[in-house]
Amino acid sequence: MKFEYQRPATLEAALKFLAAAGGDCAPLAGGTDLLVMIQEGLVGPRTVLDISRLEELKNIREEDGRIEIGALVSHGRAAAAKLLREKAALLVESCLQIGSPQIRASGTIGGNLVMASPSGDTIPALYALGAGVVLKSVTGTRTVAIEDFFTGVKKSVRRPDELLTAIVFPAPEPSARGFYNKLGQRKALAIAKVSVAALVTRKGEKVEKVRIALGAVAPTVIRAPRTEEYLAGRKLDPETIAAARSLCAGESRAITDLRSTAGYRDRMAGLLLARGLEDLL
Ligand SMILES: Cc1cc2nc3c(=O)[nH]c(=O)nc-3n(C[C@H](O)[C@H](O)[C@H](O)COP(=O)(O)OP(=O)(O)OC[C@H]3O[C@@H](n4cnc5c(N)ncnc54)[C@H](O)[C@@H]3O)c2cc1C
């Protein structure tokens, strides 16, 4: 497959190029998905726009209680970042469960989001963190709540002239604890059959707030609002966790495909939530 290759030196030049390309141009970040798709003939862009050296998209920082992660931060770098290990450990856990060390060294968080796979590992953790997705074009910048970013399997609201430049979320309260639990065919190099992320804030013994996200059980990652509502205000004890487990299984909307059956996925969604909550105890 032949394509034109461009490597702009600045973000501004990249955005101008993308605007002029009229949609027939694929940004290249880590290349772990794009190069496979090109090789398999699944996509055939006229131009590949290599953005991998744009340093301005590689920052991880906290400012005014808000954490920002540049789109080009690789899973490996995110997992090693002190700020994220201290304040967003569930995202670190999700990055560590991606592919293999080689894939984590190249693959980026921005690329994971743009692929918009319901089994993308960073996505449930970013739902639980209440993240926003920053999209930039020559005409301006917009931040879209992560739950509004995805519109279906491999579909998002990103326009072809936009680059995803960063992911932002409020720094979790110091007492907040989270987890990301994934079930795959193997322990490494396996796409999630089902995954669960949650961020729980407790006041004393009781759950004050909780955000739960389920991966690979619907066309997009989904929240589990009935389970969240049930847990709020309750003490995390074995009875509460058992009830949350069955509510969560009921909120899963899995389908049967070559990786798993719907019923198994639904039950596992409940189990992965329960295990995470038990670990928090
Ligand atoms: C062997 C293997 C194992 C894998 N295992 C896992 C796994 O366990 N879990 C998992 O979630 N994923 C897995 N993946 C998928 C992949 O590694 C991730 O989705 C990765 O995060 C993609 O990021 P990337 O930087 O490589 O994206 P790229 O391949 O560079 O790009 C992916 C897509 O996003 C677009 N794009 C990338 N960055 C931007 C941007 N900033 N703005 C606009 N568009 C952009 C590209 O044009 C392309 O369409 C695996 C892939 C392979 C090959």
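Values for this structure:
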read-out: Rg over Rh [alpha-carbon atoms, Kirkwood Rh] for region 56-170; value: 0.93
read-out: Accessible surface, region 32-91, averaged per residue in Å² (probe 1.4 Å); value: 52
read-out: Distance histogram in 10 Å bins (all Cα pairs of region 107-179, percent per bin); value: 19, 53, 23, 5, 0
read-out: Karplus (6.51, -1.76, 1.60) ³J(HN,Hα), θ = phi - 60°, over region 25-36, in Hz, Gly and Pro reported as x; value: 8, 10, x, 10, 9, x, x, 5, 9, 4, 5, 5
read-out: FRET E, pair LYS206, LEU42, Förster distance 51 Å, beta-carbon r, rounded to 0.05; value: 0.55
read-out: Cα-based Kirkwood hydrodynamic radius, region 4-50, one decimal, Å; value: 10.9
read-out: Accessible area per residue, Å², region 183-280 with all protein chains present, probe 1.4 Å; value: 50
read-out: Top positive-direction residue, dipole computed over the chain with Cβ charges, set SER246, THR151, THR139; value: SER246
read-out: On Cα atoms only, tilt of 11-21 relative to the major axis of the chain in degrees; value: 70
read-out: Dipole in debye (nearest 20) - region 226-274, about Cα centre, beta carbon charges: Lys, Arg +1; Asp, Glu -1; value: 100
read-out: Inter-part distance where region 49-98 and region 176-235 are each reduced to a Cα centre, Å; value: 20
read-out: Spatially proximal lysines relative to LYS16 (Cα-Cα < 27 Å; intrachain offsets below 8 disregarded); value: LYS2, LYS58, LYS136, LYS154, LYS155
read-out: Between 0 and 90°, nearest 10: helix 262-280 axis offset from the chain longest Cα axis; value: 70
read-out: Rg(Cα)/(2.2 N^0.38 Å) for region 183-280, N = residue count; value: 1.06
read-out: Nearest-ten-degree value, helix 238-251 long axis tilted from longest Cα axis of the chain; value: 40
read-out: Cβ-derived FRET efficiency at R0 25 Å, GLU86 paired with GLU278, nearest 0.05; value: 0.60
read-out: DSSP-defined beta bridges in the chain - what % are antiparallel, rounded to 5; value: 85
read-out: All-pairs Cα distance distribution in the chain, expressed in whole percent, bin size 5 Å; value: 1, 6, 12, 17, 18, 16, 13, 8, 5, 3, 1, 0, 0
read-out: 3J(HN,Hα) from dihedral phi, region 222-236, Karplus parametrisation 6.51/-1.76/1.60, rounded to Hz, x for glycine, proline; value: 10, 8, 10, x, 5, 5, 4, 5, 4, 6, 4, x, 9, 7, 7
read-out: Normalised convex hull volume, region 164-235, alpha-carbon set, Å³ per residue; value: 137
read-out: Carbon plus sulfur fraction of accessible area for region 183-280, probe 1.4 Å, in percent; value: 53
read-out: Candidate lysines for bridging to LYS209, where Cα separation is under 29 Å - those fewer than 8 sequence places away on the same chain excluded; value: LYS82, LYS87, LYS182, LYS193, LYS235
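The values are calculated or read from the model by the stated rules, or taken from the named source; none is laboratory data. Keep in mind that what you see is a predicted model, and the values were worked out from it rather than measured. Cβ sites come from the backbone with ideal geometry, for glycine too, and all protein chains shown count toward neighbours. Areas reflect the complete protein model, heavy atoms only, side chains present, ligands, DNA and RNA absent. Shrake-Rupley method; radii C 1.70, N 1.55, O 1.52, S 1.80 Å.
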